[in-house]
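The values are calculated or read from the model by the stated rules, or taken from the named source; none is laboratory data. Bear in mind the structure is a predicted one, so any value in this text is a computation, not a measurement. Because the Cβ atoms are built from the backbone with ideal geometry, glycine has one as well, and the counts that use them run over all protein chains shown. Protein only, heavy atoms only, side chains kept; ligands, DNA and RNA dropped before computing areas. Shrake-Rupley method; radii C 1.70, N 1.55, O 1.52, S 1.80 Å.
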Amino acid sequence: MTKISKQTKLKAVYEYLNGIGGIRQICRKYHIANREFEILLAAYRTHGTDALFNPPIVTPEFRVQVAS
């Protein structure tokens with residue numbers, strides 16, 4: 001598994017939110033697992049860019065929030 005830089009994650013999130021591609025397309029482009037990208041999007045929506053540079057602790061409550 002390859003570590004993905006914070007800048008790459010941010011670029012992928014911005015591309016998705018700006019409608020440049022769908023989740024699958026962006027995940028393939030940046031070699032990010034679909035589920036990981038969905039969690040990344042939820043973290044970004046909840047906490048903004050701070051979630052990418054200082055990731056939140058993944059708790060059961062956080063997972064429920066991501067799933068809903």
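A few notes on this one:
- Test: Glu38 is over 18 Å from Val66 (Cα atoms) and not aromatic (Phe, Trp, Tyr): no
- Restricting the first member to the range 2-23 and to residues that are surrounded by 10 or more Cβ atoms within 10 Å (Cβ to Cβ), and the second to residues that are modelled with pLDDT under 90 and in a loop (DSSP other than H, G, I, E, B), the beta-carbon pairs closer than 7 Å and six or more apart or on different chains are Leu10/Thr49.
- Evaluation of Leu10 against the conditions (1) under 10 Å from the mean Cα position of the chain (by Cα); (2) modelled with pLDDT under 85 shows that the sole unmet condition is (2).
Every residue, every condition in (1) in contact with a Leu (Cβ under 7 Å, 6 or more places away or on another chain); (2) not aliphatic (A, V, I, L, M), yes or no:
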{"site": "Lys6", "(1), (2)": "yes, yes"}
{"site": "Leu10", "(1), (2)": "yes, no"}
{"site": "Val13", "(1), (2)": "yes, no"}
{"site": "Gln25", "(1), (2)": "no, yes"}
{"site": "Glu36", "(1), (2)": "no, yes"}
{"site": "Leu41", "(1), (2)": "no, no"}
{"site": "Leu52", "(1), (2)": "yes, no"}
{"site": "Val58", "(1), (2)": "no, no"}
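- Candidates Glu38, Glu61, filtered to the one that is over 18 Å from Gln7 (Cα atoms) and open to solvent by 40 Å² or more (accessible area, probe 1.4 Å): Glu61
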